[in-house]
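Visitor: Here it is: the structure, laid out below.
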Amino acid sequence: MDRELSRRHLLKLAAAGAGAAALSPRLVQRAWAQELPPLPKKDTYTVGFCQTGSNNPWRLAETKSMQDEAAKRGYKLIATDANEDTAKQIADVASVIAQRPDILIFPPRESGPLAPSVLQAKQAGIPVILIDRDVEHDVAMPGRDYITFIGSDFVDQGRRAAEWLIGATGGNARIIELEGTTGADPAIDRKQGFDELILGGSFKGTPVATPVAGMQILASQTGNFTRNEGRQVMETLLQAHPDVTAVYAHNDEMAIGAIAALEAAGRKPGQDVILVSIDGENDAIQAIVDGKLGATVESSPFFGPIAFDTMLKYANGEDLPDWVVVVDRFFDKSNAAEFVGKQY
Ligand code: AHR
């Protein structure tokens with residue numbers, strides 16, 4: 001662990017006003033020196049859950065999964081909603097820590113700014129499980145500062161989307177990429193996985209993928225994981241790049257927004273522009289059946305059961321991996337009909 005690098009990183013965050021101001025390097029060092037906070041075996045638990053927002057069906061499904069599972073088990077959930085504001089989520093975590101839950105389980109909106117919040121919980125003696133999104137490991141490490149990260153392999157999701165698109169277009173496409181929230185784990189990783197397969201890439205000097213000669217990324221811009229911004233960004237990019245033949249959206253909501261923009265411009269999504277995205281929500285499954293969306297890589301929001309099972313394993317003293325990988329399915333025209341209305 002490069003402690004000097006981590007300290008610099010924290011100072012950078014503080015300078016950016018990203019909420020790390022309350023966290024001194026001394027606090028970081030004290031947190032490092034401690035074991036993970038214990039979780040006693042009990043009949044019931046009070047669980048802090050700090051959601052990033054409620055601005056799309058995926059987020060609502062994740063929150064519902066946590067609420068339903070807590071109710072089923074008779075646990076108390078202290079829930080907050082940051083309205084997609086990173087500074088608010090940092091404040092929410094601090095306020096939940098002050099309410100002394102037995103454990104904090106949450107998805108950090110951005111991987112850098114929320115990492116110090118994990119250390120604050122540890123310093124307060126409250127164990128943390130991260131779900132859905134992870135934090136930067138040069139600041140907070142699973143197994144040392146928090147119990148574990150439970151979530152999908154976002155890089156692999158991006159690769160699977162690229163593989164499908166290469167196949168569906170015969171390796172010839174001019175692509176617009178709609179990115180998720182800047183600084184969010186899934187936006188960074190889904191871009192990396194997709195772009196590497198399309199443009200070629202290397203890992204520690206060794207090529208991991210060769211570029212696909214006929215595939216070109218015309219533009220890549222954030223649509224903030226929302227339908228509305230996906231539509232607006234697509235409208236603008238469509239004017240600059242009318243020769244687009246494919247869209248890769250980091251989530252279904254932006255893909256559905258892009259479909260609306262394409263139709264408004266007289267284009268035929270699914271025919272002259274091929275779309276692929278990630279999540280597996282109901283509207284996307286329907287769009288596949290309707291022939292407008294080509295495919296979507298699942299990213300499951302149903303964290304309640306796995307999060308609380310993992311919590312109990314920790315309370316029982318079981319060994320846990322640093323990353324509990326969520327395995328995702330894939331939906332395209334071969335299977336979408338059987339999932340219509342069955343998702344979220
Ligand atoms: O972190 C998971 C992503 O966040 C989902 O793909 C997206 O829809 C959500 O906002």
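Visitor: Can you give the accessible area per residue of the chain, in Å², using a 1.4 Å probe?
Guide: 41
Visitor: While we're looking at this one, here's another question. Shape call for region 274-317 from the C-alpha gyration tensor, a ≥ b ≥ c root eigenvalues: rounded (a/c under 1.5), prolate (a/b greater than b/c) or oblate?
Guide: Taking the square roots of the gyration eigenvalues as a ≥ b ≥ c, region 274-317 is prolate.
Visitor: May I ask for log10 I(q)/I(0) of the chain at q = 0.10, 0.15 Å⁻¹, from a Debye sum over the Cα atoms as equal point scatterers with solvent left out?
Guide: Ignoring solvent entirely, the Cα scatterers give -0.62, -1.22.
Visitor: What fraction of the DSSP beta bridges in region 154-299 is antiparallel, stated in percent and rounded to the nearest 5?
Guide: If I count the DSSP bridges inside region 154-299, around 15 percent turn out antiparallel.
Visitor: Oh, and also: After finding the eigenvalues of the alpha carbon gyration tensor for region 252-300, what semi-axes result from the square roots of 5 times each, listed largest first in whole Å?
Guide: 18, 10, 8
Visitor: Quick one: compute the contact order of region 154-299, relative version, from alpha carbon pairs under 8 angstrom and 6+ residues apart, as a percent.
Guide: The normalised contact order for region 154-299 reaches 25 percent.
Visitor: Within 12 Å, Cβ to Cβ, of A87, how many net charges do the neighbouring residues add up to if Lys/Arg are +1 and Asp/Glu are -1? Walk me through the numbers before you get to the answer.
Guide: Details: positive: K88, R109; negative: E84, D85, D92, E110.
Within the 12 Å Cβ shell, the charges total -2.
Visitor: Relative contact order of the chain, please, whole-number percent, based on alpha carbon pairs below 8 angstrom and at least 6 residues apart.
Guide: Details: 723 pairs, mean separation 57.4, N = 344.
RCO, the chain: 17 percent.
Visitor: Quickly estimate the mean residue ellipticity at 222 nm for the chain, helices only: each DSSP H run with n ≥ 4 gives -39500 (n - 2.57), and the total goes over all residues, rounded to 500. Walk me through the numbers before you get to the answer.
Guide: Details: 11 runs with 138 residues, N = 344.
It comes out at -12500 deg cm²/dmol, rounded to the nearest 500.
Visitor: Right, something else. Can you work out ³J(HN,Hα) from phi for every residue in region 78-87, in order, using Karplus 6.51 cos²θ - 1.76 cosθ + 1.60 and θ = phi - 60°, giving whole Hz and x for Gly and Pro?
Guide: Here the 3J(HN,Hα) series is 9, 10, 10, 9, 8, 6, 6, 10, 4, 4 Hz.
Visitor: Probe radius 1.4 Å, ligands and nucleic acids ignored: give me the carbon and sulfur share of the accessible area of the chain as a rounded percent.
Guide: Using a 1.4 Å probe with all protein chains present, the chain comes out at 52 percent carbon and sulfur.
Visitor: Would you please classify the overall shape of region 180-237 from the alpha carbon gyration tensor, given that a ≥ b ≥ c denote the square roots of the eigenvalues, rounded means a/c under 1.5, and beyond that prolate means a/b larger than b/c while oblate covers the rest?
Guide: Taking the square roots of the gyration eigenvalues as a ≥ b ≥ c, region 180-237 is oblate.
Visitor: Within the chain, which is the longest segment that contains none of the GluC sites (Glu not before Pro) sitting in a DSSP loop with at most 14 other Cβ atoms within 10 Å?
Guide: With GluC sites (Glu not before Pro) excluded where exposed in loops, the chain gives 36-317 as its longest stretch.
Visitor: Let me ask you something else. In terms of the ratio Rg/(2.2 N^0.38 Å) built on C-alpha atoms, what value belongs to region 154-299?
Guide: Compared with the compact-globule rule of thumb, region 154-299 sits at 0.94.
Visitor: Residues with amide H under 5 Å of A209's amide H, sequence separation 5 or more or different chain, H placed in the peptide plane at 1.01 Å from N; which?
Guide: Counting only residues 5 or more places away or on other chains, the set is G201.
Visitor: Separate question: In a Gaussian network model over the chain where Cα atoms closer than 10 Å are linked, find which of V233, V273, V325 has the largest mean-square fluctuation.
Guide: Largest GNM mean-square fluctuation: V325.
Visitor: Same structure again: Could you estimate the translational diffusion coefficient of region 242-338 from the Stokes-Einstein equation, with Rh from the Kirkwood formula over C-alpha pairs, at 4 °C and 1.567 mPa s, in whole µm²/s?
Guide: Here the translational diffusion coefficient equals 86 µm²/s.
The values are calculated or read from the model by the stated rules, or taken from the named source; none is laboratory data. Predicted model, so just to flag it, every value in this text is computed and none were measured. Please note: Cβ atoms are built from the backbone with ideal geometry, for glycine as well, and neighbour counts cover all protein chains shown. SASA here: full protein model, heavy atoms, side chains in, ligands and nucleic acids out. Shrake-Rupley method; radii C 1.70, N 1.55, O 1.52, S 1.80 Å.
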